[in-house]
1. Pull out the extension gain between residue 147 and residue 97, defined as 0.36 nm times the separation in residues minus the alpha carbon to alpha carbon distance; nm, one decimal.
2. Hey, what's the Kirkwood Rh for the chain if you take every pair of different alpha carbons, in angstrom?
3. Starting with the highest mean, order 38-48, 116-126, 151-161 by the number of other Cβ atoms within 10 Å, averaged over the residues of each peptide.
4. Could you work out the Kirkwood radius for segment 8-71, taking every pair of different alpha carbons, averaging 1/r and inverting it, reported in Å?
5. Across segment 109-168, how large is the tail of the calculated P(r) beyond 13 Å, expressed as a percent of all Cα pairs?
6. Using a 1.4 Å probe and ignoring any ligands, DNA or RNA, find the accessible area of residue 13 and quote it in Å² to the nearest 10.
7. Quick one: compute the contact order of the chain, relative version, from alpha carbon pairs under 8 angstrom and 6+ residues apart, as a percent.
8. Run the helix sum for the chain: -39,500 (n - 2.57) per DSSP H stretch of 4+ residues, divided by residue count, reported at 222 nm to the nearest 500 deg cm²/dmol.
Amino acid sequence: MPDKFTEDVVALLPALKRFALSLCRRGDLADDLVQITAERAFRARDRFDPATQLQPWLFRILRNAWIDTLRRDATRGEVVDIHESPQPDPVDSAAQTDDRLTLNAVRRAMEELPNDQRQVLHLVCIEGLSYAETAATLDIPQGTVMSRLSRARLALAKSVGIDRDPSR
């Protein structure tokens, strides 16, 4: 019978997957990172303080797993999956096409952001974490979160052609 901790971890799996995808940009690797995160969380559940938020704790575990993966892969070299290919889009309306093009432009612009800015942008804007939770997850000061988020938003707006200058 599942307990509260298990239920809460399972409920956060989609958010973990989104964060993992924002870090690695590969579905298969994101799945692996989520699995590693869940395994580590269950092994360390006795060290989790129930008085704190579970989501930032899990995000921190996932980020650490990602860093471990980067370090391991740095010595291995590039691995390419020859079976991974884009799937064709179904025919859709002009509005859906415009939305998809905008989303793709934003996605490409996010990929061009420095990793530290992309992580903060994802945690705050996509996952809805507070500045304090994001700071705790990334182990940085809250002011740094606000600074990185501001720079990320400006760079993203510039990249997709949105004028953020209020004087115009």
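1. Values: separation 50, 0.36 × 50 = 18.00 nm, distance 3.36 nm.
Contour length minus Cα-Cα distance gives 14.6 nm.
2. Details: mean 1/r = 0.0559 Å⁻¹.
It works out to 17.9 Å.
3. 116-126, 151-161, 38-48
4. Working: mean 1/r = 0.0858 Å⁻¹.
This gives a value of 11.6 Å.
5. Working: 1028 of 1770 pairs.
Pairs farther apart than 13 Å: 58 percent.
6. That residue has around 60 Å² of solvent-accessible surface.
7. Result for the chain is 22 percent.
8. On the way: 8 runs with 113 residues, N = 168.
Roughly -21500 deg cm²/dmol at 222 nm, from the helical runs in the chain.
The values are calculated or read from the model by the stated rules, or taken from the named source; none is laboratory data. The model shown is predicted, which means the values in this text are computed figures rather than measured ones. Ideal geometry is used to build each Cβ from the backbone, glycine not excepted, and the neighbour counts take in all protein chains shown. Surface accessibility is based on the protein's heavy atoms, side chains included, excluding ligands, DNA and RNA. Shrake-Rupley method; radii C 1.70, N 1.55, O 1.52, S 1.80 Å.
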